[in-house]
Structure formats: structure tokens, C-alpha cells
1. Looking at B:Pro47, is it surrounded by 15 or more Cβ atoms within 10 Å (Cβ to Cβ) and either part of a helix (DSSP H, G or I) or at pLDDT 90 or above (or both)?
2. Quick check: anything in segment B:117-128 away from chain A (no Cβ under 14 Å), over 22 Å from A:Gly415 (Cα atoms) and not in a helix (DSSP H, G or I)?
3. Do we find that A:Ala148 is within 14 Å of chain B (Cβ to nearest Cβ), buried (at least 24 other Cβ atoms within 10 Å of the Cβ) and within 25 Å of A:Thr264 (Cβ to Cβ) in this structure?
4. Of these, A:Leu195, A:Leu207, A:Leu172, A:Leu188, which one is away from every other protein chain (no Cβ under 14 Å) and out of contact with any Lys or Arg (no Cβ under 6 Å at 6 or more places or on another chain)?
5. Test B:Pro41 against the criterion of being surrounded by 14 or more Cβ atoms within 10 Å (Cβ to Cβ), at the interface with another protein chain (Cβ under 8 Å from one of its Cβ atoms) and part of a loop (DSSP other than H, G, I, E, B), and give yes or no.
6. Applying the selection to segment A:165-223, what residues are under 29 Å from B:Leu82 (Cβ atoms) and of a type in the set (Lys, Arg)?
7. Within segment A:222-279, restricting attention to residues that are over 23 Å from the mean Cα position of the chain (by Cα) and among the polar types (S, T, N, Q), which residue is modelled with the lowest pLDDT?
8. Taking B:Ile73, is it surrounded by fewer than 18 Cβ atoms within 10 Å (Cβ to Cβ), without any contact (Cβ under 8 Å) to a residue 12 or more places away in the chain and in contact with a Ser or Thr (Cβ under 8 Å, 6 or more places away or on another chain)?
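The values are calculated or read from the model by the stated rules, or taken from the named source; none is laboratory data. What you are looking at is a predicted structure, and each value in this text was computed from that prediction instead of being measured. Note that we place each Cβ from the backbone using ideal geometry, even for glycine, and neighbour counts take in every protein chain shown.
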Amino acid sequence: MEELISGFLQIFNVGTILWVALGEVLGIVLGALPGLTATMGIALMVPISFQLSKATGIALLLGVYCGAVSGASIPAILLGIPGNPNAIATVYDGHAMTKKGLAGQALGGAVVASFIGGIASLIILVLFSPLIAKITLAFGPAEKACLAMVGLTIIASVSTKNLAKGILTGLLGLSLSLLGTDPFSNALRIPFPDLLAKTPLTSGINLIPALIGLFGISQVLFDLERIKQGHIAPPQVKIDRVFPPLKKIARMWRIIIESIGIGTLIGAIPGTGASIAVFLSYERAKNITSSPKWKLGKVGSGCLEGVIAPEVANNAVTGGALIPALSLGIPGDAATAVLLGALLIKGVVPGYQLFSQEMSLVYAIFFALFLSNVFMFTFQILGVRLFPKVLAVPMAILIPIILVLSLIGSYAIQGQAILSAIFDMGVALALGILGYFLKKGGYPIAPIVLGLILGGMFEENFRRAVKLAGGNYFVFFTKPIAILFIALAIFSVVLPLLKKRK
Amino acid sequence: MKKTTRIIIPIVFIFFSLLYIILSFSIEQRKMIGDEMGWDPGSRAIPIGIGFLMLGVSIYLFFKERKSGEEEITLDPASKKLIILTIMLSILYILFFRFVGFILSTNVLLFTLIYFYYKRDIKWNMMRNFSIGLLASTGTMILFYSIGRFVTHFLFLIGRRSNFEIFSGRLFMTGVTFLILLFIFFTMLLLFRKAIKNENFRIPLLSGFITIGVTEFIYIIFKQIFWVSLAKGLIFW
């Protein structure tokens, strides 16, 4: 009880509430701007969260996360362009509703759906994450090493159509995570150690500059290719009735429940993310509405049902993706990978330790997610006529601002030690350029981040397991949970290959 | 061999993997502290393993991409110029950040990028207006920074020498400085509003105003609120 109250107080104080509100507005704005992703928004805010207390910093990032996921529906509905991949399926019926003069209802429906999805997945997160975390008690070094391997292989296999590209970028992340100093023997693991022994490289690659570079700077360079299009003309649509009829929403109960299930489940599978969940829920809604017994508008014809289903699902992903992140330390999607990175930097170790020793922080995270959803609902409803104007902000202004924020954000992490801080800016820029070229070639970025996050966990536990087994490398095949993880890893690699053959 | 830009990335990865393997072999092989029996695989085992795996996958992708019928990686020339400009300026920004300082280097980076992004191209005949705009923006930025510093110092001294300690409080000083600079900023914006509507002055003026606003805002957030040590460089006061 004490921990619950402490968690409550960590979030419900003036300072934190203001930071969450700020994060929410920023998230909605970033989500609404086509091309700018939730992951990028979170990555840009990590340096600011770094300066705040643990709970406030995480709450700020959760605010950005929820805002960006739901804000993406604004351009999807008004312009037919999704703000980010989370709103791909909202385009079909949402934009068709705008053309019918029902933009207000579509926007309002999307907000209500986002709120339902967000809160429902939060409840599931609260119920399940402590249980899953308890299971981790049975994990020794061998199981933990295999768990890290599963996280990497799943994200590599689902984040791109080309499995080899996913694996290669995952390995790149792993290789970069090993730079610096060996955690057990302090042996230097840097190129040209005689020359670079006194440089910041000995501490390895910092996670925050890497995240900012991979998601912020690479996106900046990617968006530059669109600058020729100029800025998008603000949509000239009349927004009158915003709240959709509640009776109509109530009739959609089956679509809503299924979308919550799909969103939370897909979110909880590492590497999958909202873009898969929204399509699945959209297809399910299509099936349901094709039957006349439900007396619902047919999805695909420009009706509210086609907006509600994907919007419930994409916000349900937010809670779902946090389940493996908090309980196992394996992020559900790229955005939670950044959130997880921010947690690790703050010294928070996910898993049973977090749930047993820092339960007040866990409660604070739950309260923060609740508050983020409430703010998302309030701000989107209040600003339904205002946020569409954000679409008129020219990319010529946005891109340089994001670039400078990325560079200074990377600098600020070690802002008291100028040389290390400048080195971090260099890391962010180098990885940003690398990320840009990889994206151009169809290589996914998320596995690099996973490699960077899980590299340490994999190596430490792999070596510990082999040492404890007396130098036996087959120790991983002697423990049932480890075997299960190895099977899962093989399955995640083989399944896409089998699908391709078919 | 089919010529395709898609093989460039696997080739780079092959070279990177080879270099990684060579460097991994050169790591001093140390065992875990307390590992008397020598059962720990050692400090270079995992890097070597990952290096070889990376090499294998890169070689596989090299052959796969050679046969791939996917579209080539291309860039349109105007975007290419802007991307090169962005990368070059960012590198210079990082290299000179410490010596030139946050205010001046950020001012140059932001103004240059916003100006050319608005123009959507880089041509020699744009340089005259660009140079004048950059000088004006830099001068105004220094003025803004100096006013901000003066206000902060002034409040700090009042707080120290009087009983009103609140004046030297971090948030109070920052808030007052921010409000004063915001007032000056919007007054200037009002004064120049007709000039901004003029096609000839529009882009340099807009670039300048946005640059000054954003640079000062970042300075206030990171330096004055979070006490990040942003390099002073040439502006030593």
C-alpha cells in the first residue's frame, strides 16, 4: 500500500503533471506531422528526461509515446497521409469520412478509440507484467542469455521482409555494444588501444546518442528528400460534431474487444509493433461488419467502425509493448526499445528485481500511463480544431530544429564533461548517417537498437553460464527454459523462410 | 557482375566485419576476475563470434542483392546537395563546437539550413543574400544572448545583495529572462512584419527569426534550467 501511495505521489504532483502535459502535446504534434515517428519523438525527449527524476522522466516519455501514437490519426483522417505507420489502416475509412464531410466525427471517434485502447491495455499491463516478472525468478545466466537471443531474432525477423537484413543490423548493434571495456576483466576492447586508450571510446557507445542518431538524425536526412514537396496545405475542412454517438460506439463492442486483444497481444510480442496490429484489427472489423446481424457500417466504405478498430488497436499496443519491456527487459517495439534504453540509463533493471525492489516506480509507471491517456483524450478533444493546423508547419523549419535538438540532446547527457559530450554528438551523427543509408537500402534500424540494449545482457550471461558449467558450451541445451527460448529463436527465423517458400 | 547500388551496403559490411574480426583478435584475452580454472570464454570470444557471423551474413547478402531485382538506391540531385550540406555542416558543427561555442555555431548551422531548405536548392546567386542574412542573424543573436546574460546576472546580484533570495532562484531568473527576451523577440517581429511579407526579404528574415528564437530557447532550457555546460567559445562573457 505504501508503495502504491508513493507511486501515486511520484506522478500526481504539479511538476510531473506539467511535464506529462508537455510531453503529450509534443507527442501529438510530432505524431501529426507526417514522417516524424513516435520513436523519434521519444528519442529526442530522452536527454530532457535524463535531467529529471526517474518517475518524472519516464512519465514525460510515456506522454510523448501516447500522444504520438494517437496524433498520427490526424493527418490520416484529414489528408489521407498517416502521421506514422501506426495510423496506416486509419487512412481508409478516416479519410473517406472526411470526404463525406464527417471529419469531426472521425477525429473524435479516433480519440475515443485511442483512449479505450490505451486504458484497456494499461489494465492488462497492470495484471500481467508482475506475473511474467515473477517467472523470471526461474531464470539463471543460461536462460537470460537465450532470452536476449530470442529478443534479437524475433525483432530481426519481423521488422523487415528480408530476414538476413534484420539479422545483420542486429549483429551490428551487438558488435557496437561490445566496444569499450570488457565488463569482467576490464580489458580494453577498442580499435587501436594504444592510440585511443584515453578517449571517451573506452566507455563504449552511449545508448542515448545512439538512439538519437538512429531515430532522430537518420529521419532528418530521410525527410530531406521530401523537402521539395514544400509544406502541406492545411486542410480546409469543417469540423463541427466531434463526439461520435455513444450508442453507436456501444454497438461496436465486439470490434473494440477484439481490437484490444489484438493490439495488446501483438504489442507484447517483441518486434512486432502497431503497424501489424492495426491491419489485423482492421481485417477483423471488416469480417465482423460484413455480417448484417451486428447492424454496423461496413468497414471500407468510409464509416466510423473502420476508424475505431485500428485506433483501439494501435493504442492498445502501448500497454502491450510495455509488458515484455518491464517484466523481461525485451522491448515490444522500437518505441519501447527507446523507453527501455531510458530506463536502463536511469539504473532501472527490468524483471523481477524491478517488481520486488522498486515497486513504487512500477506503480508510478502505471499511473503515468494512465495520466498520459487522460491527457491524450483531453488535449485531442480540446484541440481537435487546433492540431490540424500543425500540418501547415513547413519541413524547412522542422528539419533543422530536429537536427539541432538531436545534436544538443546527445551533448547534454554528459554535458559537464565537454570532450565526452562532443564525442557523443559525433556518435549520434555517425549513427544517424549510417541509419539513413541503411534505411535507403531497406535495412531495419530497430534491431541495431535491440543489439545495443541486449548486447551486454547476452555477453555477461553467456560467459557466466559457460563459466558456471565448467567451460561447457552445451549448457544452454541442458536447461528446459533455455531450450524453449532456443526453439523460439529458431522458430522466429525459420517461420518467415517457410512463409516465403509458400 | 550486374552493377547495382544495392551491393554497396553488403560490401561495406564485409569490410567492417573483416576489420572487426582482426581487431577482436588483437584484444588482450583476459579471463573473468576470480576465474581460477579458466572456464570463462574470455574477453574476445563474443566479439570474434559476432564478427564471423556478421561476415557470413554480409557475404550472403552480397550475392543475394546482386541478383535482386529491387529498385536501385538513388537520390535526386537537389536533395543530394541538401543532404551533403547537412552532413558537412553537422560535422563542422561538432568539430568547432568547443572553440566557436554553442551560440555562434548553432546560429550558423540553423540559419544556413533553414535558408537553403526554404530555397530547396543551393546556387551561387543565393550567396549574397545568404551572407547578409547570416551576418544580421549572428549580430542579433549576440545581442539577445548578451541581454539575457545581463538580466540573469542583474537578478542574481540583487538576490545576493538584498533579502529577496527569490531573485537568485534558478527558475525565477530563467522565467524573467525568458519573458524579457520573448517580449523583445515579438516586438522585433512586429517591426519587421511588413518586410517579412516582401518576397526579397522573406526567407532571410524568417530564417533569422527562427534561428534566434530556437537557439535562445535551447540555451535557456539546457543551460539555465538543466545546467548543461554548453561551450562558450568565442562569446566568453
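1. Numbers: surrounded by 15 or more Cβ atoms within 10 Å (Cβ to Cβ): yes; either part of a helix (DSSP H, G or I) or at pLDDT 90 or above (or both): yes.
Answer is yes for this residue.
2. The answer is yes, given that some residue of segment B:117-128 is away from chain A (no Cβ under 14 Å), over 22 Å from A:Gly415 (Cα atoms) and not in a helix (DSSP H, G or I).
3. Values: within 14 Å of chain B (Cβ to nearest Cβ): yes; buried (at least 24 other Cβ atoms within 10 Å of the Cβ): yes; within 25 Å of A:Thr264 (Cβ to Cβ): yes.
When the stated conditions are applied, A:Ala148 passes them.
4. Details: A:Leu195 fails: away from every other protein chain (no Cβ under 14 Å); A:Leu172 fails: away from every other protein chain (no Cβ under 14 Å); A:Leu188 fails: away from every other protein chain (no Cβ under 14 Å).
Just a single option satisfies the conditions, and that option is A:Leu207.
5. Values: surrounded by 14 or more Cβ atoms within 10 Å (Cβ to Cβ): yes; at the interface with another protein chain (Cβ under 8 Å from one of its Cβ atoms): yes; part of a loop (DSSP other than H, G, I, E, B): yes.
Yes; evaluated as a whole, the condition is true for this residue.
6. A:Lys165
7. Restricting attention to segment A:222-279, the residues satisfying the condition of being over 23 Å from the mean Cα position of the chain (by Cα) are A:224-255.
Applying the additional criterion that residues be among the polar types (S, T, N, Q) yields A:229, A:236.
Values: A:Gln229: 64, A:Gln236: 67.
Only one residue tops the list, namely A:Gln229.
8. Details: surrounded by fewer than 18 Cβ atoms within 10 Å (Cβ to Cβ): yes; without any contact (Cβ under 8 Å) to a residue 12 or more places away in the chain: no; in contact with a Ser or Thr (Cβ under 8 Å, 6 or more places away or on another chain): yes.
No, not satisfied.
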